[in-house]
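Computed from the coordinates by the stated procedures, all read-outs in this text should not be read as laboratory data. Remember, predicted model here, so these are calculated numbers, not experimental data. Because the Cβ atoms are built from the backbone with ideal geometry, glycine has one as well, and the counts that use them run over all protein chains shown.
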Amino acid sequence: GESVGLHLPTLSVQEGDNSIINCAYSNSASDYFIWYKQESGKGPQFIIDIRSNMDKRQGQRVTVLLNKTVKHLSLQIAATQPGDSAVYFCAENMKRDDKIIFGKGTRLHILP
Amino acid sequence: DAGVTQSPTHLIKTRGQQVTLRCSPKSGHDTVSWYQQALGQGPQFIFQYYEEEERQRGNFPDRFSGHQFPNYSSELNVNALLLGDSALYLCASRPGQGAYEQYFGPGTRLTVT
């Protein structure tokens with residue numbers, strides 16, 4: 001069946017270091033992948049996306065890598081800041097189904 | 001430009017009651033989706049509305065129903081509430097069926113006692 005999962009429920013990173021959040025997906029038919037950030041008391045906020053015909057995409061301080069061979073997705077955050085503390089979700093979408101499937105989330109904790 | 005708005009912010013209901021949650025999409029968006037997010041979990045897709053019709057539905061019982069109005073705003077109705085319906089209900093909108101990026105509202109926290 002369709003599923004999107006995450007390897008680690010909690011990740012602690014020193015302020016200023018780079019963060020890497022990993023995600024495994026099982027549906028090879030997915031054609032679009034998204035990373036969301038969710039702060040306490042707020043709805044998910046779009047960070048960055050990548051289509052299945054790409055393997056890397058960069059944004060401001062963030063990079064998403066897609067490895068279709070092993071069905072792995074990662075989010076890299078450069079120079080992690082206190083404001084990056086949140087729960088991060090990877091999600092997948094199949095255009096034919098037109099719905100987004102979320103994983104369970106990874107909490108990113110920034111150490112001072 | 002207002003983003004996605006939802007009301008109410010919080011709601012407490014008793015088992016067996018019915019509840020209606022409301023959503024106004026981001027300006028220019030005509031497609032609205034609803035998600036249920038249990039504590040510590042990722043959002044789960046409930047259904048999507050476009051052109052005032054339900055277009056897609058997730059694995060939720062018929063107790064969950066919705067509606068979309070001509071101004072693209074939407075309601076989520078849940079009948080015969082169960083304790084397990086306690087969750088954050090999120091509304092997301094996007095500018096048309098062909099667009100991938102969805103914008104989420106802050107959610108409505110529903111507590112069923």
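Things worth noting here:
- Residue within the range A:32-47 that is among the charged types (D, E, K, R), at positive phi and within 11 Å of chain B (Cβ to nearest Cβ) present: no
- Members of the range B:11-43 that are buried (at least 19 other Cβ atoms within 10 Å of the Cβ) and free of Cβ contacts under 8 Å to residues at least 40 places away in the same chain: B:G42
- Answer residue from the range B:62-83, given it is among the small types (G, A, S) and free of Cβ contacts under 8 Å to residues at least 40 places away in the same chain and is nearest to B:E52 (Cα to Cα) among those: B:G66
- Matching residues, the range B:58-75, being exposed (fewer than 14 other Cβ atoms within 10 Å of the Cβ) and within 11 Å of chain A (Cβ to nearest Cβ): B:N59
- Flag for B:A80 being within 15 Å of B:T31 (Cβ to Cβ) and of a type in the set (A, V, I, L, M): no
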